[in-house]
Amino acid sequence: MRRRSALVGSVAALATATSARAQTPVDLQLVLAVDVSRSIDEVEAELQRRGYIEALTNDRVVDAILSGENRRIAICYTEWAGAHFQAVVIDWTVIDSPGAARRFADKLTEAPRTSQSWTAVGAALAHAGQRFENSSFAAKRRVIDVSGDGRTNDGPPAEIVRDKLVSQGIVINGLPVMMNRSNFGRPPDLTLDKYYEESVIGGPGSFLVVADNFDHFGRAVRTKLVREISGTTASPRSSPA
């Protein structure tokens, strides 16, 4: 009887510990959803990855993280292309210090890059939204940060997925990359920012930051992360600072 009581007590303690872990408070849960479609060449892919690496360790970004009530956020980094390809590169990770930010950036530096066909913004949003279901954190704000250089040509319409996620309390911000060059024989998409504004972003305080090209991508990411993490609200459209 005594052994049974001890076992019940151990199970209860384990359940309590598991429950506590499942409710670890953070100021923000942020999914970074990054386009790796074949319209992005090797040089641009390198600039894009480096942009996130440098932004995540930037002093302004780290200061924004440490200025919150809980002094920590949780980040999940995903990559996407067509409806057939969405991948978690780095799963949920707590960033609560410059060292934690550096370790996350180092993992991202070492992670292999890929390139896949088609552009499925809607499928990318759906995959990013599912990541919150597997999170072991609790946050008042859940945000998807989606970046890309094209509009949906595969999978579900972005608007339908966007509206569903917003109804669940998830905010979607965008970082369209404006490319002033042809893409597989097609002319440049000079209204991609308008597409992101009307069909991709959504939720209270949602916004987009436009990168003129991949050379300016890192600055745009830094501006976007500071605003997302600090929870500041302004016009729906921002310029990199």
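The values are calculated or read from the model by the stated rules, or taken from the named source; none is laboratory data. In this text, all values refer to a predicted model and were calculated from it rather than measured experimentally. Neighbour counts are summed over all protein chains in view; Cβ atoms, including those assigned to glycine, are modelled from backbone coordinates with ideal geometry. Please note that ligands, DNA and RNA were not included when accessible areas were found on the heavy atoms of the full protein model with its side chains. Shrake-Rupley method; radii C 1.70, N 1.55, O 1.52, S 1.80 Å.
Could you say which residue among Asp63, Asp91, Asp106 is open to solvent by 10 Å² or more (accessible area, probe 1.4 Å), in a strand (DSSP E or B), of a type outside the set (Lys, Arg) and out of contact with any Gly (no Cβ under 7 Å at 6 or more places or on another chain)?
Within the list Asp63, Asp91, Asp106, the selection yields Asp91.
Within the range 67-88, count every residue that is in a loop (DSSP other than H, G, I, E, B), open to solvent by 50 Å² or more (accessible area, probe 1.4 Å) and of a type in the set (S, T, N, Q).
Final tally of qualifying residues: 1.
If a residue has to be out of contact with any helix residue (DSSP H, G or I) (no Cβ under 7 Å at 6 or more places or on another chain) and either of a type in the set (S, T, N, Q) or free of Cβ contacts under 8 Å to residues at least 12 places away in the same chain (or both) to count, how many in the range 68-99 make the cut?
3
What's the number of the condition Leu47 fails, among (1) modelled with pLDDT of 90 or more; (2) closer than 19 Å to Arg222 by Cβ?
Among (1) modelled with pLDDT of 90 or more; (2) closer than 19 Å to Arg222 by Cβ, the lone unmet condition for Leu47 is (1).
Quick one: count up the residues across the range 123-164 that are open to solvent by 10 Å² or more (accessible area, probe 1.4 Å), under 23 Å from Ile73 (Cα atoms) and of a type in the set (Asp, Glu).
Total satisfying the criteria: 1.
Is at least one residue of the range 125-132 in contact (Cβ under 8 Å) with a residue 40 or more places away in the chain and more than 14 Å from the chain's Cα centre (by Cα)?
No, every residue in the range 125-132 fails to be in contact (Cβ under 8 Å) with a residue 40 or more places away in the chain and more than 14 Å from the chain's Cα centre (by Cα).
Please tell me if Val200 is under 17 Å from the mean Cα position of the chain (by Cα), under 21 Å from Asp63 (Cα atoms), modelled with pLDDT of 95 or more and not acidic (Asp, Glu).
no
Of all the residues that make up the range 208-222, how many are more than 18 Å from the chain's Cα centre (by Cα) and open to solvent by less than 20 Å² (accessible area, probe 1.4 Å)?
0
I'd like to verify a number: residues in the range 28-60 that are open to solvent by 30 Å² or more (accessible area, probe 1.4 Å) and over 30 Å from Asp189 (Cα atoms), how many?
Looking only at that region, the number is 4.
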